[in-house]
Amino acid sequence: MKVIVVGGVAGGMTTASQLRRIDSNAEIHVFEKGPHISFANCGLPYYLSREVESRSKLLERTPLDMEKRGIHVHVGHEVIHVDTDKKTVDVKVLDTGVIKSVSYDKLVLSPGGKSVILDSLKNVPQSFVLQQLHQLDSIESYIEAHNVKEVVVVGTGFIGLEVTENFVRRGFKVTVIQHNDNVYSPLETDMKGFMYESFKVQGVDLKLNSEIVKVVGDKAILKSGEEISAPLIIVAVGIKPNTGFLEGSNVSLEHGYIPVNEFGETSVKDVYALGDAILTHYAHVPEKPVSVALAWPAHRLAFVIAKHISGSTEFKHDGLLGTSIVEFFGYTIAQVGLSMKDLDEDTKYIDHTQGNIAGYMKNVENIQARVYYDDDGKILRGVFVGKKGVDKRLNTLAAFMRTDGNIKNLIHIEIGYAPPYGTTKDLLNMIGYKAIEKMTY
């Protein structure tokens with residue numbers, strides 16, 4: 001059996017590795033457009049501040065490492081077309097421009113997403129995105145060559161926040177450009193006041209309702225007419241699925257995303273997909289579609305796909321909860337379940353704020369929480385903000401939503417209690433008690 005994998009980062013390489021563990025005889029080829037595989041792309045922003053001390057720590061595997069395991073990795077090779085009738089892929093060798101046709105028995109698509117580039121920043125030499133390891137290398141080289149000590153960050157999503165914080169830690173002067181007045185849009189507006197304050201306290205120049213319309217030399221011109229210093233620009237305004245090469249392949253696409261079933265199969269037999277470019281559904285509200293560009297879903301579906309290719313139907317992909325977490329200047333922002341745009345406007349919720357540990361302990365920090373639920377008590381979304389203990393509540397709720405998932409039954413979560421670790425009635429327990437009261441009276 002010959003398996004072709006398109007994409008050599010989280011989803012693709014994990015699928016190849018899992019399949020090799022299961023099937024020692026399969027012929028596995030991975031085609032990766034970039035120069036690196038298996039790098040920790042989630043860790044890239046943290047190298048900017050040297051929180052990740054060495055670049056080498058971001059590289060988990062090399063093509064030579066994989067070759068020793070019997071996985072043939074081809075970097076600098078871009079899959080430009082798929083013929084599902086002939087079961088072939090056309091691969092362009094980027095160094096030479098040579099195009100070759102390669103056959104497959106099973107095809108795994110993990111093309112990821114490509115960063116959105118604003119028109120005003122195309123072909124601007126000091127403008128970069130940060131998605132790949134070689135892009136980090138380019139940023140570092142540019143900083144060194146031009147002695148940069150100042151940066152403009154465009155966007156306040158995951159990457160925008162992480163890049164902002166890590167450049168501040170590095171001692172850079174940071175300006176952040178946000179096209180509207182709503183930073184980090186996944187979080188509820190009335191829960192993010194601390195973010196605006198944190199920008200100010202950290203000395204970040206946050207420019208709301210702003211856009212760069214032109215760059216002249218080391219200056220950026222905003223739509224307001226203001227001119228700002230911009231010797232380095234990092235663009236972090238989102239990604240879109242990298243699926244243009246699938247046009248004409250018979251693989252169904254929805255708004256550029258690849259719909260998959262419970263085994264990671266696409267609309268075409270023997271073709272699978274995973275990662276940032278797929279469309280699936282919420283695990284707890286399966287009628288709602290979702291695409292989640294995070295590491296855990298890719299790794300999980302890689303296991304399911306490898307098992308299915310090997311002939312097992314024991315493990316299935318049953319949707320995602322979209323569990324996410326991000327750090328921002330000492331605060332942790334976490335959420336699980338439906339996004340705000342997927343909630344009905346009149347969805348019920350419980351608000352609760354409580355210390356992460358016993359209130360009489362000197363290091364206690366409050367956690368602000370909100371949990372949404374439907375008329376039957378099914379939890380739809382949970383949000384947590386605080387400085388300590390947020391991750392514990394997030395992960396507990398995510399596990400609970402995979403099993404029971406009824407807000408009233410949060411009272412039954414039996415916690416490990418001692419004053420340095422929590423309270424006798426945890427924040428999640430208290431949300432359950434509040435919900436019972438609200439739903440009863």
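Any read-out appearing in this document is the output of simple, stated calculations on the displayed coordinates, not a laboratory observation. In this text, all values refer to a predicted model and were calculated from it rather than measured experimentally. Don't worry about glycine lacking a Cβ; one is built from the backbone with ideal geometry, like all the others, and counts go over all protein chains shown.
Just to confirm my numbers, what's the Cα centroid distance between the range 97-162 and the range 170-237 in Å? Using only Cα atoms, the two centres lie 19 Å from each other.
The residues packed around Gln18, meaning those with a beta-carbon under 12 Å from its beta-carbon, carry a net charge of +4 if Lys and Arg are +1 and Asp and Glu are -1.
Phi angles across the range 176-182 convert, under the Karplus curve 6.51 cos²θ - 1.76 cosθ + 1.60 with θ = phi - 60°, into 3J(HN,Hα) values of 10, 9, 10, 5, 10, 9, 10 Hz, Gly and Pro given as x. Each Lys and Arg Cβ is given +1 and each Asp and Glu Cβ -1; about its Cα centre, the chain then shows a dipole of about 760 debye. A Gaussian network model of the chain, with springs between Cα atoms under 10 Å, assigns the largest mean-square fluctuation among Thr96, Thr164, Thr347 to Thr96. Only Cα pairs within less than 10 Å get springs; with that Gaussian network setup on the chain, which residue of Ser54, Ser115, Ser101 has the largest fluctuation? Top of the fluctuation ranking is Ser54. Only Cα pairs under 8 Å and 6+ residues apart enter the sum, and on that basis the relative contact order of the chain stands at 13 percent.
Packing, taken as the mean count of other beta carbons within 10 Å per residue, orders the peptides 240-248, 264-272 from highest to lowest as 264-272, 240-248. Stretching Asp205 away from His134 to a fully extended chain increases their span by 22.7 nm, per 0.36 nm per residue minus the current alpha-carbon distance.
Round to the nearest 0.05 the FRET efficiency obtained for Tyr417 and Lys223 when R0 = 35 Å and r is the Cβ-Cβ distance.
Result of the calculation: an efficiency of 0.05.
Across the range 330-440, the relative contact order, built from alpha-carbon pairs under 8 Å that are at least six residues apart, equals 30 percent. Label-to-label distance for Val116 and Thr313 is 4.0 nm, based on points extended 7 Å past Cα in the beta-carbon direction.
For the range 160-264, the Cβ-based charge dipole about the Cα centre amounts to some 440 debye (Lys, Arg positive; Asp, Glu negative; other atoms uncharged). The GluC sites (Glu not before Pro) of the range 303-375 meeting both criteria, a DSSP state outside H, G, I, E and B (loop) and at most 10 other C-beta atoms within 10 angstrom of the site's C-beta, are Glu314, Glu345.
Normalising the average separation of contacting C-alpha pairs (under 8 angstrom, six or more residues apart) by the number of residues puts the relative contact order of the range 114-196 at 22 percent. Semi-axes of the equivalent ellipsoid of the range 297-441 are 29, 20, 15 Å, computed as sqrt(5λ) over the eigenvalues of the C-alpha gyration tensor in descending order. Comparing Asp95, Asp181, Asp65 in a Gaussian network model of the chain (Cα springs below 10 Å), the most mobile by mean-square fluctuation is Asp95.
Along the range 237-250 the Karplus relation, 6.51 cos²θ - 1.76 cosθ + 1.60 evaluated at θ = phi - 60°, assigns HN-Hα couplings of 10, x, 10, 10, x, 8, 10, x, 5, 8, 4, x, 9, 6 Hz to successive residues, with x for each Gly and Pro. Taken about its Cα centre, the range 56-148 carries a charge dipole of about 260 debye when Lys and Arg each add +1 at the Cβ and Asp and Glu each add -1 at the Cβ.
When DSSP beta bridges are restricted to pairs lying wholly in the chain, around 60% turn out antiparallel. Length gained on full extension, Ser252 to Arg55: 67.1 nm, using 0.36 nm per residue less the C-alpha separation. Note on Kirkwood radius over Cα pairs in Å: of the candidates (1) 23.7; (2) 21.8; (3) 22.7, the value calculated from this structure sits at (1). The range 1-46 and the range 347-382 have Cα centres spaced 39 Å apart.
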